[in-house]
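Just so it is clear, none of the values below were taken in a lab; they were calculated from the coordinates. Note that this is a predicted model, so its numbers are computed, not measured. Positions of Cβ are backbone-derived with ideal geometry, glycine not excepted, and every protein chain shown enters the neighbour counts.
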Amino acid sequence: MRDLTSNEQAVIDHLVKAWNAFLLLPSEHGDDFDEFRHGIHRLQEKVLSRPARSSVVNDSADLIYDPPSGWLYGFPRPYRPLEDETLEETLVRDGYPEKYAEMGAKYCRFWREREAA
């Protein structure tokens with residue numbers, strides 16, 4: 001598995017700075033810190049999963065993906081993201097409606113198809 005790119009590391013560094021800055025704000029609600037922390041963790045998961053996902057994508061078999069109702073937009077199709085492209089961005093580039101991209105990425109199915117020998 002590859003290391004984080006410099007851009008991915010920069011995003012993580014900015015998330016750490018955002019968390020530290022948020023801690024300096026006065027609390028206005030008892031759930032503020034927990035909710036912000038959960039949001040930061042969700043964003044960190046998205047960034048930190050990228051090396052694993054890219055190592056799967058670079059396998060010799062085609063990784064196929066299919067978002068909800070993908071058949072309406074030409075899916076399933078090979079998953080081939082560009083460098084530093086999010087799943088949502090790849091979906092839109094491949095013809096999935098932008099207004100459904102977040103939901104499509106959340107419920108997208110993936111599987112491998114190997115070429116016949």
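Just a few scattered comments:
- Residue match in segment 34-44 (condition: surrounded by fewer than 14 Cβ atoms within 10 Å (Cβ to Cβ), under 16 Å from the mean Cα position of the chain (by Cα) and closer than 30 Å to Ser6 by Cβ): yes
For (1) under 18 Å from Gly104 (Cβ atoms); (2) touching a residue at least 12 places away in the same chain (Cβ under 8 Å), each residue gets a yes or a no:
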| residue | (1), (2) |
| --- | --- |
| His14 | no, no |
| Phe22 | no, yes |
| Gly30 | no, no |
| Arg42 | yes, no |
| Gly70 | yes, yes |
| Arg77 | yes, yes |
| Asp84 | no, yes |
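- Within segment 63-91, considering residues that are on the phi > 0 side of the Ramachandran plot and in contact with an Asp or Glu (Cβ under 8 Å, 6 or more places away or on another chain), the one surrounded by the fewest Cβ atoms within 10 Å (Cβ to Cβ): Gly74
- Hey, Ser49 within 13 Å of the chain's Cα centre (by Cα), closer than 27 Å to Asp3 by Cβ, of a type in the set (Gly, Ala, Ser) and surrounded by 14 or more Cβ atoms within 10 Å (Cβ to Cβ) or not: no
- Number of positions in segment 61-90 that are of a type in the set (Ser, Thr, Tyr) and assigned to a strand (DSSP E or B): 1
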